[in-house]
1. Of all DSSP beta bridges in the chain, what percent run antiparallel (nearest 5)?
2. With the calculation restricted to Cα positions, what are the radius of gyration and Dmax of the stretch 91-237 in angstrom?
3. What is the distance, in nm, between label points placed 7 Å from the Cα along the Cα-to-Cβ direction at Lys50 and at Lys93?
4. Pull out a ≥ b ≥ c, the square roots of the eigenvalues of the alpha-carbon gyration tensor of the chain, then state rounded if a/c is under 1.5, prolate if not and a/b is larger than b/c, and oblate in the remaining case.
5. Quick one: which of Lys67/Lys93; Lys70/Lys137; Lys58/Lys203; Lys67/Lys94 span more than 31 angstrom between C-alpha atoms?
6. Near Lys58, within a Cβ-to-Cβ distance under 15 Å, what is the net charge of the other residues, with Lys and Arg +1 and Asp and Glu -1?
7. For the stretch 63-84 and the stretch 172-243, what is the centre-to-centre distance using only Cα atoms, to the nearest Å?
8. Based solely on its DSSP helices, what 222 nm [θ] is calculated for the chain when runs of n ≥ 4 H residues each add -39,500 (n - 2.57) and the sum is averaged over all residues, nearest 500 deg cm²/dmol?
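Just so you know, all these numbers are worked out from the coordinates, no wet-lab data involved. All of these numbers come straight from a predicted model, not from anything done at the bench. Here the Cβ positions follow ideal geometry from the backbone for every residue, glycine too, while neighbour counts run over all protein chains shown.
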Amino acid sequence: MYRIISIIVAFMCMLGGCGTVKTYSDTGLSSEGHGWGFVRKKGDAPDIPKEQVELLRKYNGEYLSQKDEKNLYLTFDEGYENGFTPVILDVLKKTDTPAAFFVTGPYLKGQEEIIKRMIEEGHVIGNHTVNHLNLPKQLPETVENEIVALNTMCEEMYGYKMTYMRPPEGEFSEKTLDISNSLGMRNIMWSFAYKDWDINAQKGADYAYQSVMPYLHNGCVILLHAVSSDNASALERIINDAKAQGYTFKSLDEL
């Protein structure tokens, strides 16, 4: 199904059905890919190479609130639906917690009711590109089209304007950051994540809870994958206990 929808989206874009792609002026910036890796620290922000942080912020990207406040920013990546997003939305509604969902083209096209619910309940919808390609390995025009096509599709289908994006695989280059910034997009990385995306290696709600809670820190941007049954099962407890520790969940619009 993912492959079929991707082909349809690509064909629509060739016909001009995904909006007009801006022409990126190649400034000779580096195409070297940078993977968003870090060393987690309990109760504190992770260690991330200074060069990567400076490069991200140079182009208006962020991974952590720079305000020294007990705020958390909950984000989910949505490459495909595994049946848990409605449960996650139920928990967010019950606990009055904002979140951001970074979606791909097939998800945007194939999960209309879920997307509508996200928007109606006040959550942020972010751009995870149409086809989830590794952006530093693509030509500039491909990078541009992957972003613009999804933005246009979202606005045409839902009347919603995307302003945040998350590069697939957490990889970016100075050139991809420049392209996305020139399109008015803010790259949002993260200051916490764990290996939760393997649906064949789920270990239970308590495992998810214990993987997340010790690493919360002021300004933390949390990345979770909505395909994880562990995350869906542990989410309400994580939210409630984080609030009990004095944390407040904020929207990316307040980052």
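1. For the chain, the DSSP antiparallel bridge percentage is about 20.
2. Here Rg and the maximum Cα pair distance are 15.9, 44 Å.
3. Using points 7 Å along Cα→Cβ, the separation is 4.8 nm.
4. Taking the square roots of the gyration eigenvalues as a ≥ b ≥ c, the chain is oblate.
5. Where the Cα-Cα span goes over 31 Å, the pairs concerned are Lys70/Lys137; Lys58/Lys203.
6. -2
7. 5
8. So the calculated ellipticity at 222 nm is -12000 deg cm²/dmol.
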